[in-house]
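Student: The structure's right below; bear with me while I get my questions together.
The values are calculated or read from the model by the stated rules, or taken from the named source; none is laboratory data. Owing to the predicted nature of the structure, the values given are computational and were not obtained by experimental measurement. When we count neighbours, we look across all protein chains shown, and the Cβ atoms used for this are built from the backbone with ideal geometry, even at glycine. Ligands, DNA and RNA are excluded from the accessible area calculation, which covers all protein heavy atoms including side chains. Shrake-Rupley method; radii C 1.70, N 1.55, O 1.52, S 1.80 Å.
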Amino acid sequence: MKEQATISNLNEVQDYSGYYCIVGAGPAGLSMARSLKMKGIPFHVIERYKDVGGIWDIENPGSPMYKSAHFISSKYLSNYADYPMPEKYPDYPSNRQILEYHRSFAKEYDLYRHIKFNSSVESIQQKGSKWLVKLENGGSGLYEGIICASGITWSPNIPKLQGIETFKGEVIHSVKYKDISTFRGKRVLVVGAGNSGCDIACDAGVAADQAFISVRRGYYFIPKHILGMPADVFGDGAHWIPNWFSQWVFGVILKFLVGDLTKIGLPAPDHKIFETHPIVNDQLIHNLRHGDVIAKGDISKLNGEFVEFKDGSKEKIDLVVLATGYHWAIPYMEEKYFEWKNGRPELYLTLFNRNYENLYALGYMETDGGAYKMFDEMANLISSYIDSKRKGDVSAKKFESLIRNDRPLLNGGIHYLNTGRHSVYVNQVAYKKYRSKIQRKMGWPELKTGQFDILKKVDNSSATSANLAQANG
């Protein structure tokens with residue numbers, strides 16, 4: 001029976017008609033796997049590394065993780081549905097704890113047996129109504145559909161710096177940074193003030209002879225705790241407030257809590273709060289105020305032992321760390337399969353391919369809150385659509401029309417900056433409201449507390465798709 005097919009032998013083209021292939025066993029892939037399993041939809045997960053966790057496994061080549069990295073959201077609002085993080089975890093868990101959490105999640109819901117490890121996807125091509133997945137080890141399979149969940153932080157963005165050819169120091173991308181010992185005895189410049197760049201600058205502030213951070217534009221810095229609560233928990237209580245008003249309120253609060261950051265060398269923001277991704281970090285502010293890190297402006301050029309800045313100043317630098325982000329990529333598929341705009345795939349609700357049937361993506365968006373519960377809700381929408389198609393339900397045709405024609409604004413009235421990053425940036429509250437409205441129209445149920453418990457209670461080795469589908473109904 002097809003339901004009993006395994007992925008133990010992919011040395012020749014296997015017919016997996018009816019099966020869906022999830023690429024990647026990181027957070028998005030695991031969420032998608034549990035959702036399909038809950039609805040009794042056959043699937044395989046293809047993972048190029050030896051275990052689940054994606055970027056959170058610092059040992060994975062190409063992972064952007066570093067030893068001091070902690071979760072940017074709190075544990076209270078960033079967990080999978082029905083699977084809270086352990087009480088023993090701090091408000092902001094370490095990267096090691098987050099990796100442990102993902103692996104315990106995969107074990108709890110018996111997802112490991114659905115995953116083919118140490119298997120890189122070489123290419124995926126449409127073959128008639130199916131999708132041919134070729135692996136680098138020579139195996140291949142013909143699948144009903146594809147769900148790309150391989151992540152957005154695997155292809156470093158390395159800007160061209162004038163004078164780099166004759167620069168006497170070292171230049172690395174932040175993906176190469178792993179440990180604070182890298183900075184000892186050096187004068188270090190971190191380029192970029194995203195959340196990772198700020199973290200790395202703080203490490204340099206501790207270990208380097210002198211640390212600098214180059215910032216092109218002003219950002220809002222949000223303390224990790226407000227009135228003793230994690231910042232996202234504090235903000236979650238204000239979701240009933242209109243966004244325009246919450247922008248004003250939080251702007252006032254930050255002026256009171258953080259103060260005028262231009263006094264420590266940072267440029268003033270040229271936008272309202274939440275119009276770009278804020279920086280959740282108060283440690284850098286501490287380091288700047290104590291001189292352990294010095295703020296600099298945009299780089300003009302590298303010149304011998306020095307880095308020259310556009311304000312005319314220069315500093316002797318031994319090591320430049322480019323915390324300049326990542327190119328989004330789906331390298332195992334030809335560009336024709338996705339419509340790319342500003343370096344981002346243009347997808348309905350950031351999930352559904354408008355031009356190719358049974359081709360989906362999960363995790364190709366950015367938002368203003370914890371992602372994992374959102375992944376679960378998105379995965380539920382994808383699996384609900386797949387389930388309705390498998391059953392021949394009329395809702396599938398209605399939703400297909402939406403995929404082709406519906407282009408909602410999901411910014412919640414916030415005017416995000418006109419950058420590539422923000423072309424797929426969604427306001428979490430606005431997204432949730434719109435997604436819920438669509439699901440009600442389709443007659444597809446929302447996630448319910450406790451609905452995944454059956455995956456833990458049944459004997460997974462003998463559970464059938466029918467059992468799970470019946471329980472879900």
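Student: Residue check, ARG354 against (1) open to solvent by 40 Å² or more (accessible area, probe 1.4 Å); (2) over 30 Å from ALA208 (Cβ atoms), all met but one. Which one?
Tutor: (1)
Student: Enumerate the pairs (first residue in region 284-313 and more than 27 Å from LYS224 (Cβ to Cβ); second residue anywhere and open to solvent by less than 70 Å² (accessible area, probe 1.4 Å) and acidic (Asp, Glu)) with beta-carbon separation below 6 Å, excluding pairs fewer than 6 apart on the same chain, so at least 6 apart or on different chains.
Tutor: Within 6 Å, the pairs are SER300/GLU308; LYS301/GLU308; VAL307/GLU315; LYS310/ASP298.
Student: For the condition under 30 Å from ALA430 (Cα atoms), among the acidic types (Asp, Glu) and open to solvent by less than 60 Å² (accessible area, probe 1.4 Å), what is the one hit in ASP179, ASP236, ASP232?
Tutor: After applying the criteria, what remains is ASP232.
Student: Could you please tell me which pairs satisfy a Cβ distance under 6 Å, a separation of 6+ or placement on different chains, a first residue in region 86-109 that is over 24 Å from GLN283 (Cβ atoms), and a second residue that is in a helix (DSSP H, G or I) and among the aliphatic types (A, V, I, L, M)?
Tutor: Hits for this filter: ALA106/LEU30; TYR109/LEU455.
Student: Right, next: Given the criteria among the small types (Gly, Ala, Ser), assigned by the TED database to the domain that holds LYS373 and either outside any loop (DSSP other than H, G, I, E, B) or open to solvent by 10 Å² or more (accessible area, probe 1.4 Å) (or both), does SER150 qualify? Let's see the steps before the verdict.
Tutor: On the way: among the small types (Gly, Ala, Ser): yes; assigned by the TED database to the domain that holds LYS373: yes; either outside any loop (DSSP other than H, G, I, E, B) or open to solvent by 10 Å² or more (accessible area, probe 1.4 Å) (or both): yes.
Judged against the criteria, SER150 is a match.
Student: Looking only at residues in region 76-128 that are among the small types (Gly, Ala, Ser) and outside any helix (DSSP H, G or I), which one is farthest from the chain's Cα centre (by Cα)?
Tutor: The initial filter retains those residues of region 76-128 that are among the small types (Gly, Ala, Ser), namely 78, 81, 94, 104, 106, 119-120, 123, 128.
The next check asks that each one be outside any helix (DSSP H, G or I); those that pass are 78, 81, 94, 119-120, 123, 128.
On the way: SER78: 12, ALA81: 17, SER94: 16, SER119: 22, SER120: 20, SER123: 22, GLY128: 32 Å.
The qualifying residue farthest from the chain's Cα centre (by Cα) is GLY128.
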